[in-house]
Amino acid sequence: MIKPFVSFILFLILMVFLMGSHYLLFPYEKNSHTIQTMAKLTNLSPLSLSVAYDESSFNATYPEMPAFGRMDFLYER
Amino acid sequence: MMDDVMMIKIENLYRTFHHGGNEVPVLKDINLNIAKGECVVLKGVSGSGKTTLLSLIAGLDKPSSGKVLIEDDPISKLPDLFASELRARKIGMIFQHFNLFEHLTVQENVTIPLITSGLKMKEIQTKVDTALHLANISHKKEIQAGRLSGGEKQRTAIARALVADPNIILCDEPTANLDRDNSLLFIEILKELHTLGKTIVIATHDPLFDHLDFRNTIVPMVDGKIV
Amino acid sequence: MNANAFWHFLTLQLVKERNKHFSIILISMMIVFLLSSVLFISSSIRFSLEETLKVQPDFVVSRTQGGTAIPTPMEWSDELLEIYGVSHVTPRVYGRYFFEPKAKSFLLVGVDFMEEQSHKNLQVLITSTDIKAFFEGNQMLVGQGVKEYLNAHFYKDAYNFVTPKGKFQKVTMFKTLPSQTNLLANDMIVLPIDLARKILGYTDEEATDILFNVPNTDEWELMTDKLSALHYDLHVVNKKEVQKSYANLYNYKGGVFLILFLILLATFALILYQRYSMVYSSERRHIGLLRALGWSINAVLKFKFTETIVVVSVSYILGVLLAYLYVFVLGAPILREIFLGGQNLHNVVSFVPVLDFSVLSSIFLIYALPFIASVLIPVWKVSVTDPKEAML
């Protein structure tokens, strides 16, 4: 194999290795523990979605139907 | 001295092309035997069928009927694997327009026929160096083919044709894109190959080939037939 | 064919024709990058949500009137405790508080800090501070988005809430919640439960909803019937339903993601077709020449297949690497707004690296197979043609 190709492949392997290391060494336990503690404290689990909360878009006739332009259907109502 | 062994045998060869419903016969009942070490010049004007005949001998095209035998192997009837093997080991082709890979260097172009040979890179390199030397183009081996002059491209094509040490060299209008000096240089190389015992077939209408100073046979062709 | 010579020639061609391959690698890489980024973000959010769901109570009951949620009576807690199999009944007080009419809003959550477990959880979240100080006076914990917003509006240390009775209630900002909780708590304000009731207008006998656990999952079906029989205006949601809705939302096969897949696939196919039709004539000549120089059809196909595999693999790996870097190291700027929204408080979330290998394999197959086919089919067609005709 010729040198430029070999160098490129070695570079790719290095990048994959770095990615793999980041993935394996990520502190999942700490992260999970913190977010679970927050959920246990508040007893709330829905996402903090940055949506404008607008009561007028709620349709009383069809309460199960999600309103347009919103992503807060995850909130437990 | 020529051997009695027939290197190339052509028997009752026909080649017809079909253009929009019309049949155009290009070769009609060609019969030709070429002995080992012989140099044959197929002479004729453009459209006489000499290039088509050369393509059929090289296995680049298939005849409409008849046979082409290379060392008694019917090249046109062999399965692709064997036909390709035959083409790679026994035949070296020099094309009219050189047909080089312009983005590769001279050395890289000459390597291509040996990639499928099963040889190791070191062995391939040795053969490539020998072929480049024979074609007198070693000094340009690192130059990209697209940057070469016409004569240098022709010599690269010669080196590529010789690299597998084939017994048969086929040349299709080899001097069509060369000036007189380069044409004469080419003829000198052909003479050397003839001395090495190669069987050479040249398709040309160049009058320079009418008076070669080594033993050769001129086969005139007119309208798809040998005259 | 000697493998060494074959690889030498292959890598030589790849490097020498890098300009030809560069554009297709770039396009493929961008498509894989976009697809992978979207899937990484959704996998990460889903993972975090599932982690939080693990610690959530099994059931939530609330009161509805005319389809709208209204305050739930605290006396329902006693009724629930009487049901066999029910444990850990907890009222929940929370609600939206608007900074001003038609402006940004915060999620106010009331927590009963007298409970030992809440106390322990609080200590984990605000580790380096004296917890006792939090219970002195009216204090609140705020999410990072809330902190930034209030600071921007000159509320540095405290904020005056307006209660439904029209009175002001000053609450001091004690501490900001850790950044790892931003996915849940960016727009959240955590207060003592009584203070939350005051600001949200609940009486002592009211809660937003009530939570409880039913340890035996076999009883869940029956539980819903028992609860419905308690009160006509009682609304029940169990954890399985929430998990299902999350799974449906973030299932890459369905909904938005399927559409995204199809659009990307169509775009890719078009670009590929256009790209390869441009190089077709020179490719055809090269293949014809290789055949003329003694390469068999198999040798040509093997060469082109290996070349394509290398191009496909390189662009796929680069696309995934770039997506990983973009999402899990840089936090997916711009793209995260699609998932987290951008209308209320700006949220900066660190995504937890989650690699779903089945999804990554699917992306590879969806991308690689049409790519290889679009290259190899024309190559095969030319290879089986007589070399003389191919070289024309």
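The values are calculated or read from the model by the stated rules, or taken from the named source; none is laboratory data. Note that the structure is a prediction, hence the values are computed from the model and not measured. Cβ: placed from backbone, ideal geometry, glycine included. Neighbour counts: every protein chain shown. Protein only, heavy atoms only, side chains kept; ligands, DNA and RNA dropped before computing areas. Shrake-Rupley method; radii C 1.70, N 1.55, O 1.52, S 1.80 Å.
Tabulated values for the structure
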quantity	calculated
Strands (runs of 3 or more DSSP E) fully within region B:126-227 counting 3 or more residues that are surrounded by fewer than 19 Cβ atoms within 10 Å (Cβ to Cβ) and in contact (Cβ under 8 Å) with a residue 12 or more places away in the chain	B:217-222
Filtered residue count, region A:1-52, keeping only those that are open to solvent by less than 70 Å² (accessible area, probe 1.4 Å), at the interface with chain C (Cβ under 7 Å from one of its Cβ atoms) and hydrophobic (A, V, I, L, M, F, W, C)	16
Filtered residue count, region C:203-212, keeping only those that are open to solvent by 40 Å² or more (accessible area, probe 1.4 Å) and closer than 18 Å to A:ASN43 by Cα	1
Given (1) surrounded by 18 or more Cβ atoms within 10 Å (Cβ to Cβ); (2) more than 20 Å from C:ASN182 (Cα to Cα); (3) not basic (Lys, Arg), number of the condition C:LEU141 does not satisfy	(2)
Yes/no for B:GLY21 being more than 9 Å from every other protein chain (Cβ to nearest Cβ), on the phi > 0 side of the Ramachandran plot and at pLDDT 90 or above	no
Boolean, C:ILE338 is of a type outside the set (D, E, K, R), open to solvent by 20 Å² or more (accessible area, probe 1.4 Å), assigned to a helix (DSSP H, G or I) and closer than 30 Å to C:PHE99 by Cα	yes
Filter result (part of a helix (DSSP H, G or I), within 10 Å of another protein chain (Cβ to nearest Cβ) and crowded, with 18+ Cβ neighbours inside 10 Å) within region C:283-296	C:HIS286, C:GLY288, C:LEU289, C:LEU290, C:ARG291, C:ALA292
Extreme residue, farthest from the other protein chains (Cβ to nearest Cβ), among residues of region B:59-70 that are more than 28 Å from B:THR175 (Cβ to Cβ) and open to solvent by less than 60 Å² (accessible area, probe 1.4 Å)	B:LEU69
Residues (over 18 Å from the mean Cα position of the chain (by Cα), over 15 Å from B:PRO166 (Cβ atoms) and facing chain C (nearest Cβ under 9 Å)) located in region B:106-121	B:GLU108, B:ILE115, B:GLY118, B:LYS120, B:MET121
Region C:84-114: number of residues that are over 28 Å from the mean Cα position of the chain (by Cα), surrounded by fewer than 16 Cβ atoms within 10 Å (Cβ to Cβ) and of a type in the set (A, V, I, L, M, F, W, C)	1
Flag if C:LEU10 is in contact (Cβ under 8 Å) with a residue 60 or more places away in the chain and in contact with a helix residue (DSSP H, G or I) (Cβ under 7 Å, 6 or more places away or on another chain)	yes
Strands (runs of 3 or more DSSP E) completely within region C:139-217 that count 3 or more residues being under 22 Å from C:GLU115 (Cα atoms) and away from every other protein chain (no Cβ under 11 Å)	C:139-142, C:168-176
Single residue of B:LEU81, B:LEU100, B:LEU56 found to be within 13 Å of another protein chain (Cβ to nearest Cβ), within 30 Å of A:ILE2 (Cα to Cα) and open to solvent by less than 10 Å² (accessible area, probe 1.4 Å)	B:LEU100
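Table: residues versus (1) in contact with a strand residue (DSSP E or B) (Cβ under 7 Å, 6 or more places away or on another chain); (2) modelled with pLDDT under 90; (3) assigned to a loop (DSSP other than H, G, I, E, B).
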residue	(1), (2), (3)
B:LEU78	no, yes, yes
B:LEU81	no, yes, no
B:ALA88	no, no, no
B:GLY92	yes, no, no
B:ASN99	no, no, yes
B:GLN107	no, no, no
B:THR111	no, no, no
B:SER117	no, no, yes
